[in-house]
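The block underneath contains the structure these notes are about, expressed in structure tokens.
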Amino acid sequence: MKDARIDRRLFLRGVGGVTAGVAAATALSACGTGTSRSVGGSGGKSSKTVIVRDSGGSFGAALQKAIYTPFTQETGISVKVLNVDDAPLLAQIKQGRPQCDLINNSMMSHLKYVKQDALEALDPDRVKSLKSAKIPENQITEHAIGNSFYGQCIAYRTDAFGGKKPESWADFWDTKAFKGGRSMVSPDGDLPELEFALLADGVPIDKLYPLDVDRAFKVLSRLRPDIKKFWDSGPLPGVLLSREEVTMSTVWDGRIADLQKQGVPVARQLSGMRRQFQGYAIAKGAANVDGAYQLMDFALRAEIQAALAKAFPSNPSSPLAYAKLTEDERNALAGAPKYYDQGFDTDIDWWLKNESAVTKRWLEWARG
């Protein structure tokens, strides 16, 4: 059985290849993933285990500490984590045998699941924390509810520019004033970073969409000779900065704290940060729908979101969660009120329509 560990890039990959994923789904069943559930009537109400599709690694450890263990202590319902990417999970759902109940995924991926009729329509009355945690209305859809966001921003070496600090994407592009190599994401890591090119070229942050693709690639081409590597996983920007292979890189904001703890002289610039939300949804045909609702409701509480933020640099969707953090804890997060207006939300609808064409063009551009 292949390593089914999920990181954020898998959250954002396409959900095609469902037919090809049937074999993988069968392999997962053979490995016993999720087969310990007791399935009762009426959506599995008698089950004492709820299975959630989530990630491993340090983020998974934080989820266990802040959410799953206290949930079990409060409800008596155990939580089992399933690490699997989209294709085999969709194949399971298509077969009517999903191996998980609750899915933690990007909101963009949830929309792709909806197009394949792979998610249950949600009953908001069963999620009491929507109101108590004041989850923003724009993060509540018919099939998914936003629980957090991550941002892509600039990471830079603080010892590279003689005391100067980059303040914008224009500075990221300015290799004369801010010398050194650059790194940007590949489509295997996240959505191509067209928005940053447009911001560097002077497009106002509130006028980005619909993206001017031709203009963006023209600006990207100006920087292409200085891009030393395209990263495809969260740790790679930190590795490149640590080795001084580059002086600036795009990065997922939560990775900066890890680097700083390791003593790497780096900092982040959140101006022009691109936000992408993750959220919860329930797999179509889930065996334990009731347990999935209970876990979702628990995880969305403001105090639980705050606990997760203490354990991992996750940016809560609940605005009330930030008030439950100390000033230092709050300001370490990209979602802190003092930073929020510096960034922008990814236009999911635009990317759903254009991701395939942009990715194809990006690959041609990257090859030169």
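The values are calculated or read from the model by the stated rules, or taken from the named source; none is laboratory data. Because the structure is a prediction, the values reported are computed rather than measured. For neighbour counting, all protein chains shown are included, and Cβ atoms are generated from backbone atoms with ideal geometry for every residue, glycine included. Just so you know, the surface numbers come from the protein's heavy atoms only, side chains and all, with ligands and any DNA or RNA stripped out. Shrake-Rupley method; radii C 1.70, N 1.55, O 1.52, S 1.80 Å.
How high is the relative contact order of the stretch 170-289, in percent, counting Cα pairs under 8 Å that sit 6 or more residues apart?
Computed over the stretch 170-289, the figure is 29 percent.
What does the charge count around residue 193 come to, taking other residues whose C-beta lies under 12 Å from its C-beta (Lys +1, Arg +1, Asp -1, Glu -1)?
It works out to a net charge of 0.
Based only on Cα atoms, what Rg/Rh ratio does the stretch 52-169 have, Rh being taken as Kirkwood's radius?
1.07
What percent of all Cα-Cα pairs in the chain falls into each 10 Å bin, going from 0 up to the bin containing the maximum distance?
All Cα pairs, binned at 10 Å, distribute as 5, 24, 33, 24, 12, 2, 0 percent.
If r is the Cβ-Cβ distance from residue 214 to residue 167 and R0 is 30 Å, what FRET efficiency results, to the nearest 0.05?
Efficiency computed from Cβ-Cβ geometry: 0.65.
If only Cα atoms are counted, what is the Rg of the stretch 250-368, and what is its Dmax, in Å?
Computed over the Cα atoms of the stretch 250-368, radius of gyration and Dmax are 17.9, 52 Å.
Give me the accessible area per residue for the chain, probe 1.4 Å, as a whole number in Å².
Per residue, the chain has an accessible area of 42 Å².
Leaving out ligands, DNA and RNA, and with a 1.4 Å probe, what % of the accessible surface on the stretch 56-152 is carbon or sulfur?
About 50 percent, which is the carbon plus sulfur part of the accessible surface.
Enter the accessible area of residue 198 (Å², nearest 10), with the probe set to 1.4 Å and all protein chains included.
0 Å²
With the cut-off at 29 Å, tell me which of the pairs 80/284; 165/360; 229/261 have Cα atoms farther apart than that.
In this structure, 165/360 lie more than 29 Å apart at Cα.
When only DSSP loop residues count, what GluC sites (Glu not before Pro) in the stretch 275-368 have their Cβ near at most 11 other Cβ atoms within 10 Å?
The qualifying sites: there are none.
Checking understanding here: applying a Kyte-Doolittle mean of at least -1.0 and a length along the axis of at least 24 Å (C-alpha), which whole DSSP H helices in the chain pass?
Sorted by number, the helices that extend far enough and score high enough are 348-367.
Cα-Cα over 29 Å: which of 179/218; 164/218; 310/353?
310/353
As a test, work out the antiparallel percent of DSSP beta bridges whose residues both lie in the chain, rounded to the nearest 5.
Percent antiparallel among DSSP bridges in the chain is about 60.
Using Cα positions and a limit of under 20 Å, work out the aspartates and glutamates in reach of residue 176, with same-chain residues fewer than 8 apart set aside.
Once the sequence-local aspartates and glutamates are set aside, what remains near residue 176 is 159, 167, 201, 226, 244, 245.
On the full set of protein chains, 1.4 Å probe, figure out the accessible area of residue 101 and give it in Å² to the nearest 10.
Residue 101 has an accessible surface of roughly 0 Å² with all protein chains in place.
Keeping all protein chains in position, work out how much accessible area residue 213 exposes to a 1.4 Å probe, and write it in Å² to the nearest 10.
Roughly 30 Å² of residue 213 is accessible to a 1.4 Å probe.
Straight-line reach from residue 324: which aspartates and glutamates fall under 17 Å, measuring Cα to Cα and dropping same-chain residues less than 8 apart?
303
What residues of the stretch 277-316 lie in the reach of a label at residue 69, counting those whose backbone N is under 17 Å from a point 7 Å from the Cα along Cα→Cβ?
Answer for this model: 299, 304-313.
If you take every residue apart from residue 367 with its C-beta less than 13 Å away from the C-beta of residue 367, what net charge results, scoring Lys and Arg +1 and Asp and Glu -1?
It works out to a net charge of +2.
Within the stretch 171-301, what whole-number % of the accessible surface is contributed by carbon and sulfur, with the 1.4 Å probe and all protein chains included in the calculation?
On the stretch 171-301, the fraction of accessible area on carbon and sulfur atoms equals 46 percent.
Mind checking the dipole of the chain: about its Cα centre, +1 per Lys or Arg Cβ, -1 per Asp or Glu Cβ, Debye to the nearest 20?
Dipole magnitude for the chain comes out near 600 debye.
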